[in-house]
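Engineer: Quick one: the structure is below, questions incoming.
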Amino acid sequence: MEKGNSTPIYAASERFPSAHCATMTGWADGSLFCAWFAGTREMAQDVVILGARKAADDTRWTEPAILAEWEGHSLGQPVFLHHPNGELWLFYDVVFGSHWRDALPYVQHSSDDGQSWGTAEMLFDQPGLMFRSRPQVIGGRIIVPVYDEVRWQSIMMISEDNGQSWQFSERITTANGNIHPCLYQTVEGNLGALLRPGGKGGFLWQTESTDKGWSWSKPVETNQKNPNSGFDVWQTGKGRLVLANNPSSTGRNPLTISLSSDGKNWTHSRVIESDEGEFSYPCLWQTPDKRMHLVYTHQRTHIQYVSFSEDWLLNA
């Protein structure tokens, strides 16, 4: 099967009519775990982090469960990390005001693959420090891509002691700002990142680091349009980069998948969604059987799921 049918993981409920910003992780057995924020609306004080699972041999997702909830505070921007010690970590932001600029970064740990969670811990008392993109463990170092919602600049949060302490990389700056840095390995063995453009949008930015994420080259534009919206990139076992993006100047549609070998030029595009409305904030994962998996926001009321093969993209 080259591409499966698009199916909802979550549909709007009376308690949580709005859903957005899905993330995903998985295990060696091919099972998947998805999380997103849901509530009355984005930034409402009843917004929680929900999660659902799918076994490798099942087409169905479990009923959503609450992974994090703070009374009187909106939550958002969940991302998972498989920690080297075997724990599953969940990073997210807690809003202590009325805007993402008032959000603070937290993490909570699980020793049973997310069935239960420890107490959330604040990482930095730095309002506006936000998550979105997948953390990486490279050479024993944990790199968590973050961004500054106040100044619209991307940063790497780096730990060389398994998350006991953190340091910041230099800030990545562009005209009109940038956020949502997504990491990958370049063909030269360096660290690359794609960036979401600020302002009225434009094209995704690309930058590289030759010192393991501490400093970054001057960003250059790729050939992928982006309307100032979330995107994701995944590096396959064959070294190709898979991009999920809204290649538009005006809106969060269509939602497409594209391939690249260098992170700058993208080809072999396939359309996932092309109707009117919002199909946004995609997140990718590849299971050990080499199949790609995609979750995304569907009209702000659903979290949608679809899977496809790399060959399906190559034959576009």
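The values are calculated or read from the model by the stated rules, or taken from the named source; none is laboratory data. As the structure is a computational prediction, the values presented were derived from the model and not from experiment. Please note: Cβ atoms are built from the backbone with ideal geometry, for glycine as well, and neighbour counts cover all protein chains shown.
Engineer: Between a residue in the range 84-97 that is under 24 Å from His73 (Cβ atoms) and part of a loop (DSSP other than H, G, I, E, B) and any residue that is at pLDDT 95 or above and not charged (D, E, K, R), which pairs come within a Cβ distance under 7 Å, given they are 6 or more apart or on different chains?
Structural biologist: What qualifies is Phe96/His73; Phe96/Leu104.
Engineer: Can we say Trp152 is crowded, with 18+ Cβ neighbours inside 10 Å and on the phi > 0 side of the Ramachandran plot?
Structural biologist: Working: crowded, with 18+ Cβ neighbours inside 10 Å: yes; on the phi > 0 side of the Ramachandran plot: yes.
Against the criterion (crowded, with 18+ Cβ neighbours inside 10 Å and on the phi > 0 side of the Ramachandran plot), Trp152 qualifies.
Engineer: Further, regarding this structure: Going residue by residue through the range 302-314, is there one that turns out to be part of a strand (DSSP E or B) and within 26 Å of Asn178 (Cβ to Cβ)?
Structural biologist: Yes; the residues of the range 302-314 include at least one that is part of a strand (DSSP E or B) and within 26 Å of Asn178 (Cβ to Cβ).
Engineer: For residues that are touching a Ser or Thr at 6+ places or on another chain (Cβ under 9 Å) and farther than 23 Å from Glu149 by Cβ, scanning just the range 226-242, find the one that is surrounded by the fewest Cβ atoms within 10 Å (Cβ to Cβ).
Structural biologist: Checked the range 226-242; the qualifying residue surrounded by the fewest Cβ atoms within 10 Å (Cβ to Cβ) is Gly239.
Engineer: Scan the range 243-296 residue by residue and report those that are aliphatic (A, V, I, L, M), surrounded by fewer than 23 Cβ atoms within 10 Å (Cβ to Cβ) and more than 24 Å from Leu191 (Cβ to Cβ).
Structural biologist: Val271, Ile272 - these are the residues of the range 243-296 that are aliphatic (A, V, I, L, M), surrounded by fewer than 23 Cβ atoms within 10 Å (Cβ to Cβ) and more than 24 Å from Leu191 (Cβ to Cβ).
Engineer: Quick test of your reading of the structure: Ile138 fulfils all but one of (1) surrounded by 22 or more Cβ atoms within 10 Å (Cβ to Cβ); (2) touching a residue at least 60 places away in the same chain (Cβ under 8 Å). Name the failing condition by number.
Structural biologist: For Ile138, the failing item is (1).
Engineer: Would you point out the residue of the range 158-189, among those that are β-branched (Val, Ile, Thr) and at pLDDT below 95, that is nearest to Ile142 (Cα to Cα)?
Structural biologist: Thr186
Engineer: Are there strands (runs of 3 or more DSSP E) fully within the range 190-255 with at least 1 residues that are modelled with pLDDT under 95? List them.
Structural biologist: Strands (runs of 3 or more DSSP E) meeting the threshold: 220-226.
Engineer: I would also like to ask the following. Name the residue that is farthest from Asn315 (Cα to Cα), counting only residues in the range 1-38 that are touching a residue at least 40 places away in the same chain (Cβ under 8 Å) and among the hydroxyl-bearing types (Ser, Thr, Tyr).
Structural biologist: Ser18
Engineer: Going by what's in this entry, would Phe131 be described as under 27 Å from Val242 (Cα atoms) and in contact with a Phe, Trp or Tyr (Cβ under 6 Å, 6 or more places away or on another chain)? Break it down into steps so the answer makes sense when it comes.
Structural biologist: On the way: under 27 Å from Val242 (Cα atoms): yes; in contact with a Phe, Trp or Tyr (Cβ under 6 Å, 6 or more places away or on another chain): yes.
Considered against the rule, which asks whether it is under 27 Å from Val242 (Cα atoms) and in contact with a Phe, Trp or Tyr (Cβ under 6 Å, 6 or more places away or on another chain), Phe131 comes out as yes.
Engineer: Turning to a different aspect of this structure: Name the residues in the range 47-59 that are modelled with pLDDT of 95 or more and either within 14 Å of Ala19 (Cβ to Cβ) or not in a strand (DSSP E or B) (or both), would you?
Structural biologist: The answer is Val47, Val48, Ile49, Leu50, Gly51, Ala52, Ala55, Ala56.
Engineer: Moving on to the next point. Among the residues in the range 78-98, are any farther than 30 Å from Gln164 by Cα and over 20 Å from the mean Cα position of the chain (by Cα)?
Structural biologist: Taking every residue of the range 78-98 in turn, at least one turns out to be farther than 30 Å from Gln164 by Cα and over 20 Å from the mean Cα position of the chain (by Cα).
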